[in-house]
Structure formats: structure tokens, C-alpha cells
């Protein structure tokens, strides 16, 4: 039995018996605190000792993550699909020893003819279904990686599917055909009990699948080797993603390391007092300026253009209208009466951290 066939047998057995459930955080892993931004890394075959791997993707011996990395996302392949990261077991062991939150990602590539011949005729799609050879082979590509994870007891909740041009294993010229492969890959992971996210960038995604909207799937967005990489990676959290899905992580290159930062959608938000609370006991009136005035302008739902931090005639007119609506004395001065009615003294609800939905702790 070939290596690929053995891997698929193991993966199918795993699917039938059910996925391993993510482990609870170990004693050495810090519990995620809502609102605390995390930085981490991703590692794969380039971080293996030099001289390993397939000829087109020889390992480089690149450094492992910094001590400050709160998480590590481990690559499952040696580049192309159906080829395992040659030091996956060692990298998973490193994550355990370092007690980091960890996740998984896998390069996805267009299957070769021999792979389509081996797997295209079996799987969840009937052989005569449109694109069946590609969807079934994509499905098998995912199951190959599932088998790799199970062999090293890697029990992550989500797998990031890396979709980008790949010179040694190029995608086809048909975006519909490429989508069929990815559709199979996604189903393979989901049928095995894993959630799925996409790693790519706008140009790479369009080159492979065109303007394919997958808004239900989270995204991981790289910026490359920029001088201000951390700032650029964080900025990706606020921008639309390549696929329409919510951006959860930004990535940048720092020397020989791939580094990552969480977005607020992932790390959550701590409960905090209303920004006007600190103004209680004082007043705001024409001529004042600063953050407290910004908080007042926002609380009165002034247009963003007019949220300037300066208490001028326009802000006074809006406050007078508010006082008139509430039957308060029309003074044009914000006192505790107006501030409390606008929310001062209350708390802005937090959002829980979603780190355990994307990573497992050792």
C-alpha cells in the first residue's frame, strides 16, 4: 500500500470514529484575557533542520518563534499537498514543551494527474458529478493532513487553508476548477470535525479563485516584509478581507520569522466604563476641548465629521436640542444630569476572547 493510500485509510478511520476534541488549557498556558492583543508566529518546513524535505522545498533551519510568542501556527505540509512537513512531530513537541497556544495551517495546491487518478473516483462526490475528480481529490488532500495531525496528536479546533499561487505546483488556468479543489479541501476538514479559515492576500486569492466570496469563513491576512510590519499587520484587522470573511489575524515578516498579531474580533474586548464616566462631578461647555468632548459628541450621535473634540457653537446647539427633548434646563452646559442620561456611570459590555475557538493550549 502506498504512503498516500495508508494516510487516507487512517484519515477515513478517523472521520468515522469522530475527531479528537480540543484539549482544555494546560496549567502552563495563560488563559486568554478579553481585550489583550496577542502576538505569535507560524512555523513549518522552513524551520526544520537544514537538508530535509522534497527537492523543491528543502528545509532551511530558520529560527523558532520568539519567547514572547503567545501562540504558534504549525504548517502541516512540506509545501504542496500530499507531502507532510518533515519535522511536524518535532514542531508539535516544541509547542508542547513551550506550552504555547497552537493552531494549524496547510498549503493547498492543485492536484497532479496521478493524484486525481488515485482519488478522483471516490469520495463524497459521485464520479459523474461536475468537477468530481477535483473535489474528491481536494477532499483527500484534507484527509491526508488530518491523518498527519492525528499521528502526532495535534488536536486543533481549526485549520487555516492557505490559498495562493505556488510556483512548483501551479494552479490551473480555470478558476472554476481551482474552486472545486478548495471546495473539496474545506469539506474534508469540516467532515473531520474541524472549522476552517482562509490564509491569502487579495492578489493571490484573485489569481487562484477570482472574486470568490466566502464571507462565512474567517481570514488570516499577511502584509509581507514591511519596515513597519507590525503596524501594517494590525491595520489589516480594520480592512475588508480578500474573500469577504472577517479578518482574525494579521501576519508580517520580521527577518527570518513569520510573526502574527490577533485582531479584536479574535482577542475580544474587556468590559470598560462609559467614556463620560470620568467627567462626572464636572461640566462640559463651550470652549472646552479634548477626549471628554469627543465622548460627549459621540454620545449625542453627532456625525463623525463633527466629532472634533472642540466644544463650539454646533456642539452647543446639539446639546440644547438634547436638553429640550429631555425637558432639562436649556443651559447649553453638560452637567451630571445630562452626562448620566447619556450613559456616564454605566459600563460598555465586553466581548469574550475567541482564542480557544482558533487555538489549543498545551
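The values are calculated or read from the model by the stated rules, or taken from the named source; none is laboratory data. Quick caveat: nothing in here was measured; it's all calculated off a predicted structure. A quick note on method: Cβ atoms are made from the backbone with ideal geometry, for glycine too, and the neighbour counts reach across all protein chains shown.
Details
- Entry remark, region 58-78: residues being buried (at least 20 other Cβ atoms within 10 Å of the Cβ) and more than 20 Å from the chain's Cα centre (by Cα) number 2 in total.
- Among the conditions (1) in contact with a helix residue (DSSP H, G or I) (Cβ under 9 Å, 6 or more places away or on another chain); (2) farther than 30 Å from residue 159 by Cβ, residue 289 misses just one, which is (1).
- Qualifying positions in region 145-170 - assigned to a helix (DSSP H, G or I) and within 21 Å of residue 209 (Cβ to Cβ): 145
- Test result for residue 156, crowded, with 17+ Cβ neighbours inside 10 Å, assigned by TED's automatic domain parsing to the domain that holds residue 247 and touching a strand residue (DSSP E or B) at 6+ places or on another chain (Cβ under 6 Å): yes
- Check on residue 53, buried (at least 20 other Cβ atoms within 10 Å of the Cβ), closer than 22 Å to residue 194 by Cα and in contact (Cβ under 8 Å) with a residue 24 or more places away in the chain: no
- Verdict on residue 244 being in contact with a strand residue (DSSP E or B) (Cβ under 9 Å, 6 or more places away or on another chain), surrounded by fewer than 21 Cβ atoms within 10 Å (Cβ to Cβ) and in a loop (DSSP other than H, G, I, E, B): yes
- Scanning region 319-328 for residues that are closer than 20 Å to residue 287 by Cα and surrounded by fewer than 17 Cβ atoms within 10 Å (Cβ to Cβ) yields 320, 321.
- Meets criteria (under 32 Å from the mean Cα position of the chain (by Cα), outside any strand (DSSP E or B), over 30 Å from residue 67 (Cβ atoms) and not assigned by TED's automatic domain parsing to the domain that holds residue 213) for residue 295: yes
- Filtered residue count, region 90-107, keeping only those that are more than 17 Å from the chain's Cα centre (by Cα) and under 28 Å from residue 183 (Cα atoms): 1
- Residues in region 331-350 that are outside any loop (DSSP other than H, G, I, E, B) and either more than 14 Å from residue 318 (Cβ to Cβ) or free of Cβ contacts under 8 Å to residues at least 40 places away in the same chain (or both): 336, 337, 338, 339, 340, 341, 347, 348.
- Filtering 252, 220 for residues that are over 30 Å from residue 301 (Cβ atoms), touching a strand residue (DSSP E or B) at 6+ places or on another chain (Cβ under 8 Å), crowded, with 19+ Cβ neighbours inside 10 Å and touching a residue at least 40 places away in the same chain (Cβ under 8 Å) leaves a single hit, 220.
- Counting the residues of region 216-239 that are farther than 21 Å from residue 35 by Cα and either under 13 Å from the mean Cα position of the chain (by Cα) or not assigned by TED's automatic domain parsing to the domain that holds residue 162 (or both) gives 3.
- Identity of the residue in region 165-195, more than 22 Å from residue 133 (Cα to Cα) and at pLDDT 95 or above, that ends up surrounded by the most Cβ atoms within 10 Å (Cβ to Cβ): 194
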